[in-house]
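The values are calculated or read from the model by the stated rules, or taken from the named source; none is laboratory data. On a predicted model such as this, the values are computed, not experimentally measured, just so you know. Cβ placement follows ideal geometry from the backbone for every residue including glycine, while neighbour counts extend to all protein chains displayed. To get the accessible areas, we keep the full protein, side chains included, count just its heavy atoms, and leave off ligands, DNA and RNA. Shrake-Rupley method; radii C 1.70, N 1.55, O 1.52, S 1.80 Å.
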Amino acid sequence: MTDWLSASAMLLAGIIVGMMFLYSMKRRQGRSDLGRADLEAKRDALIARLREDPSDSRLVQEAAAVLRKLDGLGVEAAFRPPDGGLKPAATHGTLKGFAWGAVSVAVLAAIGFFVMQSSKPKEPADPLQDLVRSVQQHPEDLVLRDDLAKAYLDRDNLNGVAENTQYVLQRNPNDARALTYQALVHIAARQPQAAGAMLERATQSDPNLVDAWVGMAWLHAQSGDTAGAEAAIGEAKRRHPEMAPRLDELMAHMRRQPQPAAAAEAVHITLNAPNASYPPRAFLFVIARTAGVTAGPPAAVKRLPIGTFPITVDLSGADSMMGQPLPAKMRIEARIDSDGDPLTKDPKDPSAFVDGVAAGASVSLTLK
């Protein structure tokens, strides 16, 4: 709508300027006609006097000057039609001037409009979408695939991580980054054996990859092996001394041992859902994150076989990802995964969530 209004304004401006040009030409033409009439009258009088005295040099000079002025008005200007109106040539010139004025203003306005449109601030680019487009343009570039998998991992898109890491590992089974990112997904899915094997291969393939050592430390900390976690962080610090402060901070967080879940700390969850028949491989996932957080690594996860609803679940610090107590306020999400693989998510699978749940509270969710 704005573009149409702008175009209309341009056209209107061109017409207005063209009309002003036409009005100016008419006034100029009127003044020219009066001046020409005076010169023609003077010319006729001088010619009559020269007929009487052809030897008068002064009259000859005056007549020549008048004729030059008439000649300066143009050939058509020396002859006026009997009705005194504008000649066709003059009318044509006036219309041509009108058209030129209108077109010139329209072109200038269009240029101004284009510059204004070009100077408008553009929407900030989305790095994830840039990576997606780059991978689409260069699908065989494994480094780009690893970058995209990392971006998906940061956004808790496990499907995207799985798709790209599997693509890379099919072509390069020892790609350290792909092994590490897929291992982190297995850790989130409570599959420590598969995660450990992948991280071991990753650290052997690229001993300088800090993400692999951090993943190894995380895996050890989950199982209560503080010494193993410290060894992995120590190796990362040895290879990357510039990252020592951050790694020390991470290790201090990992040293928190899992606490026995007190009755007041656990969240008591009652799940309701249609007692439909689900495939034998289907599982129920119950996930806790800090209140208001919808993406990123969960604070706690429980993976259960599907039985007859309603199902009662206690989520506690024993289910935490890093052995820490549950957050004071949580977002609880429950979903049925029909294929039992956390790397895939069918939008048709029933799910439900509730936010702002306090530790020790009891909640009820109906999966739809």
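The trypsin sites (Lys or Arg not before Pro) of region 123-190 that meet both conditions, a loop assignment by DSSP and at most 16 other Cβ atoms within 10 Å of the site Cβ, are Arg155, Arg190.
The accessible area of Val143, taken with all protein chains in place and a 1.4 Å probe, comes to roughly 90 Å². Between Ala252 and Thr308, the contour length at 0.36 nm per residue exceeds the Cα-Cα span by 15.9 nm. The length gained on full extension between Gln204 and Ala295, counted as 0.36 nm times the residue separation minus their Cα-Cα distance, comes to 29.7 nm.
Fully extending the segment from Ala318 to Gln170 would add 49.7 nm, taking 0.36 nm per residue of separation and subtracting the current Cα-Cα distance.
Would you mind getting the accessible area per residue of region 283-354, heavy atoms of the protein chains only, 1.4 Å probe, in Å²?
In whole numbers, region 283-354 has 41 Å² accessible per residue.
Each label was represented as a point 7 Å from its Cα along the Cα-to-Cβ direction; for Ala282 and Ser223 these points are 3.3 nm apart. Packing, as the average of other Cβ atoms within 10 Å across residues, places the peptides 305-315, 215-225 in the order 215-225, 305-315, highest first.
Going by a ≥ b ≥ c, the root eigenvalues of the Cα gyration tensor, does region 277-368 fall in the rounded group (a/c under 1.5), the prolate group (a/b larger than b/c) or the oblate group?
Here region 277-368 falls in the prolate category.
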